[in-house]
Amino acid sequence: MSLEDALYPLLKMYEAAPQVIKSLVGRVYRAIPASLRYGAEYARFQREAREVEGWDAEAIRRYQIAALRESLMAAGKAPFYAERFAACGVDPAKFEALEQLADYPLLTKQDILLNRERMVNPESDAGRRLYITTGGSSGVPVGFYLEKGVSRPKEQAYLEAQWSRRGYRSGDRVAVIRGGVTSSRSAGDISYYDATRNWLILSSYHLTLERLPEYVEALNRFRPQHLHAYPSAALMLARGLEQTGQRLGFELTSLLCGSEKLSAEAQSYLEGFFGARVFHWYGHSERVVLAAQGRESNELQFSPTYGFVEFGEADAEGNREIIGTSFHNRVMPLVRYRTGDYAKVTNEVVTEVVGRDYEFLVSGTGRRISLTAINMHDRIFDGLLAVQFFQERAGVVECRYQPGPRWQRESEGAMHAGLMRKLGDDFVLEMREVKEVEKTPAGKHRWLVTLMGG
């Protein structure tokens with residue numbers, strides 16, 4: 001197990017500590033060699049993520065067949081998968097060609113919600129299981145298990161390899177505007193320093209024109225080489241600077257923009273305003289597939305050694321659902337997982353991931369809170385089948401939630417408190433249990449129903 005995984009349960013305690021303690025502990029941690037912090041697998045994945053760009057089609061195919069067979073074999077040991085594989089007449093031990101994967105059943109978020117513990121490989125020791133939750137981009141909260149010592153160092157290695165396409169180097173100074181909670185008060189602090197990574201964490205909850213000078217001051221003092229931000233946050237920063245005539249007193253090497261859709265127009269605007277290249281990628285907490293822009297191209301390319309990607313049938317608008325099978329997770333592989341995300345695909349090249357638009361809640365003081373920031377990885381949504389936010393006037397939000405069979409009613413108070421930590425004191429939050437959340441005409445979940453207008 002990596003040191004990072006061993007210390008993961010203490011993360012919230014570290015984040016809540018005074019800045020002087022965080023700085024001291026963080027600097028000590030950062031001085032530890034990466035091989036110890038991230039574990040032995042980190043170097044392997046670093047090498048793999050870097051070298052795969054030069055592999056030919058046959059080498060990639062051989063790798064994917066072997067990785068898929070390993071995932072299918074691990075999955076087949078779990079009761080849920082064993083029953084489904086038997087019903088479909090498939091045998092992981094006989095998997096020899098990529099085309100055979102189409103014979104395996106598709107997996108939905110609902111399957112995970114109702115059968116998670118039965119999807120765990122019983123041969124994986126409990127100490128190898130890392131429980132993670134996500135709200136889900138479609139409004140369906142999901143909990144699942146990653147593999148300690150493998151999943152997190154793999155993610156770190158692949159992201160660093162991809163970010164290097166825009167000049168990132170390990171240890172670079174990075175300013176982050178991605179949903180980190182710096183204060184639950186609307187007038188609270190906008191930033192803190194994370195010395196474990198040499199990152200300045202800036203609040204995406206407090207980014208308003210009135211408080212923009214504080215962001216400029218913090219950024220100019222830290223002088224980051226890269227801005228790691230939600231696209232919506234990067235756009236708010238750029239437009240705020242443009243409207244007020246303020247300027248940053250340093251040059252950025254790159255803008256690292258993930259977790260939300262980024263249009264070609266928005267990317268062009270950000271690159272022109274900041275004078276730095278933007279890097280955009282697509283991934284998710286389940287660690288199934290990962291796509292990123294190339295060194296020269298802005299088209300998204302799925303990493304062939306991270307996971308196996310398929311695309312569903314095109315809908316009326318020509319969008320196809322992203323379906324993935326995970327590699328390197330022997331604890332709880334996800335086989336042919338329907339992500340709920342859709343992409344525009346032309347000749348097997350992804351030109352755009354759709355369905356991750358910028359959605360905001362508006363506070364009583366006019367702050368705009370990204371739903372992507374609310375949809376962070378904690379356990380407040382455990383046991384729910386769906387979550388949806390409804391807003392018709394500024395500062396007042398209704399959280400509609402659809403309970404699942406494992407939902408504990410006494411958990412509503414903890415969910416309310418967890419959401420209020422992110423929303424802040426200029427919101428009134430009302431909780432409402434529903435039998436089913438509102439869906440689109442096509443039957444898809446919606447994170448936000450708003451009557452607020454533009």
For the stretch 205-230, pairs from a residue that is closer than 30 Å to ARG165 by Cβ to a residue that is modelled with pLDDT of 95 or more and polar (S, T, N, Q), with Cβ under 8 Å and 6 or more apart or across chains, are GLN225/THR253; GLN225/SER254; HIS226/THR253; HIS226/SER254; LEU227/SER254
Residues that are modelled with pLDDT under 95 and within 22 Å of VAL120 (Cα to Cα): list the helices (runs of 4 or more DSSP H) wholly contained in the stretch 10-106 that include at least 1 such residues. 41-51
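Residues checked against (1) more than 20 Å from the chain's Cα centre (by Cα); (2) small (Gly, Ala, Ser):
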position	(1), (2)
LEU256	no, no
LEU262	no, no
GLY294	no, yes
SER297	yes, yes
PRO304	no, no
VAL309	no, no
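Please specify each residue of the stretch 179-196 satisfying the condition of being out of contact with any helix residue (DSSP H, G or I) (no Cβ under 7 Å at 6 or more places or on another chain) and farther than 14 Å from ALA373 by Cα.
Going through the stretch 179-196, the residues out of contact with any helix residue (DSSP H, G or I) (no Cβ under 7 Å at 6 or more places or on another chain) turn out to be 180, 182-183, 185-189.
Within the stretch 179-196, ARG185, SER186, ALA187, GLY188, ASP189 qualify.
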Note down all Cβ pairs under 7 Å where the first residue falls in the stretch 5-20 and is touching a residue at least 60 places away in the same chain (Cβ under 8 Å) and surrounded by 10 or more Cβ atoms within 10 Å (Cβ to Cβ), the second is assigned to a loop (DSSP other than H, G, I, E, B) and basic (Lys, Arg), and they're at least six residues apart or on different chains. ASP5/LYS148
Pairs, please: C-beta under 6 Å, at least 6 apart or cross-chain, first residue touching a residue at least 24 places away in the same chain (Cβ under 8 Å) and of a type outside the set (A, V, I, L, M, F, W, C) and in the stretch 81-100, second surrounded by 11 or more Cβ atoms within 10 Å (Cβ to Cβ) and in a helix (DSSP H, G or I)? TYR81/ALA75
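Taking the condition crowded, with 19+ Cβ neighbours inside 10 Å, closer than 17 Å to VAL449 by Cβ and either of a type in the set (S, T, N, Q) or touching a residue at least 40 places away in the same chain (Cβ under 8 Å) (or both), does GLN391 pass? If you could, list the steps in order and put the result at the bottom.
Values: crowded, with 19+ Cβ neighbours inside 10 Å: no; closer than 17 Å to VAL449 by Cβ: yes; either of a type in the set (S, T, N, Q) or touching a residue at least 40 places away in the same chain (Cβ under 8 Å) (or both): yes.
Answer is no for this residue.
For the stretch 363-407, enumerate the residues that are among the acidic types (Asp, Glu), within 21 Å of GLU436 (Cβ to Cβ) and modelled with pLDDT under 90.
Across the stretch 363-407, the qualifying residue is only ASP382.
Give the residues of the stretch 239-252 that are closer than 25 Å to THR372 by Cα and of a type outside the set (Asp, Glu), sorted by residue number.
Residues satisfying the conditions are ARG239, GLY240, LEU241, GLN243, LEU252.
Looking at LEU252, LEU248, LEU219, which is the one that is among the hydrophobic types (A, V, I, L, M, F, W, C), modelled with pLDDT of 95 or more, assigned to a helix (DSSP H, G or I) and over 27 Å from LEU419 (Cβ atoms)?
On the way: LEU252 fails: assigned to a helix (DSSP H, G or I); LEU248 fails: assigned to a helix (DSSP H, G or I).
On inspection, the qualifying residue turns out to be LEU219.
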Got at least one residue in the stretch 403-418 being in a strand (DSSP E or B), within 22 Å of the chain's Cα centre (by Cα) and of a type outside the set (Val, Ile, Thr)? no
Residue set SER259, SER297; condition within 30 Å of ASP56 (Cβ to Cβ) and small (Gly, Ala, Ser); output residue SER297
Output yes when any residue across the stretch 84-105 is β-branched (Val, Ile, Thr) and surrounded by fewer than 17 Cβ atoms within 10 Å (Cβ to Cβ), and no when none is. no
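Taking the stretch 222-251, which residues are farther than 17 Å from LEU212 by Cβ and either touching a helix residue (DSSP H, G or I) at 6+ places or on another chain (Cβ under 9 Å) or among the small types (Gly, Ala, Ser) (or both)?
HIS226, HIS228, PRO231, GLU251
Considering only the stretch 34-71, state which residues are surrounded by fewer than 16 Cβ atoms within 10 Å (Cβ to Cβ) and under 26 Å from the mean Cα position of the chain (by Cα).
SER35, LEU36, ALA40, ALA43, ARG44, ARG47, ARG50, GLU51, GLU53, ILE60
Just to be sure before I move on: is LEU68 touching a residue at least 60 places away in the same chain (Cβ under 8 Å) and within 30 Å of ALA386 (Cα to Cα) in the structure I sent?
Values: touching a residue at least 60 places away in the same chain (Cβ under 8 Å): yes; within 30 Å of ALA386 (Cα to Cα): no.
Judged against the criteria, LEU68 is not a match.
Does at least one position in the stretch 139-161 carry a residue that is among the hydroxyl-bearing types (Ser, Thr, Tyr) and surrounded by fewer than 18 Cβ atoms within 10 Å (Cβ to Cβ)? Show your work before the answer.
Filtering the stretch 139-161 for residues among the hydroxyl-bearing types (Ser, Thr, Tyr) gives 145, 151, 158.
Imposing the further condition that a residue be surrounded by fewer than 18 Cβ atoms within 10 Å (Cβ to Cβ) reduces the set to none.
No.
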Strands (runs of 3 or more DSSP E) wholly inside the stretch 138-194 that include at least 1 residues being within 30 Å of GLY364 (Cα to Cα) and at pLDDT 95 or above: 174-177
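Can you tell which of GLU296, GLU317, GLU286 is surrounded by 19 or more Cβ atoms within 10 Å (Cβ to Cβ), at negative phi and not in a strand (DSSP E or B)?
Numbers: GLU296 fails: surrounded by 19 or more Cβ atoms within 10 Å (Cβ to Cβ); GLU317 fails: surrounded by 19 or more Cβ atoms within 10 Å (Cβ to Cβ).
Matching residue, one of GLU296, GLU317, GLU286: GLU286.
Each row is one residue, and each column tells you yes or no for (1) within 30 Å of PRO224 (Cα to Cα); (2) of a type in the set (A, V, I, L, M, F, W, C); (3) more than 18 Å from the chain's Cα centre (by Cα).
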position	(1), (2), (3)
VAL120	no, yes, yes
ALA126	no, yes, yes
GLU155	yes, no, no
TRP163	yes, yes, no
TYR168	yes, no, yes
GLY171	yes, no, yes
Quick test of your reading of the structure: GLY424 fulfils all but one of (1) of a type outside the set (Val, Ile, Thr); (2) closer than 27 Å to LEU212 by Cα; (3) under 22 Å from the mean Cα position of the chain (by Cα); (4) modelled with pLDDT of 85 or more. Name the failing condition by number. (3)
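The values are calculated or read from the model by the stated rules, or taken from the named source; none is laboratory data. For clarity, every value in this text was computed on a predicted model and none was experimentally measured. As a convention, Cβ positions derive from the backbone with ideal geometry for all residues, glycine included, and neighbour counts pool all protein chains shown.
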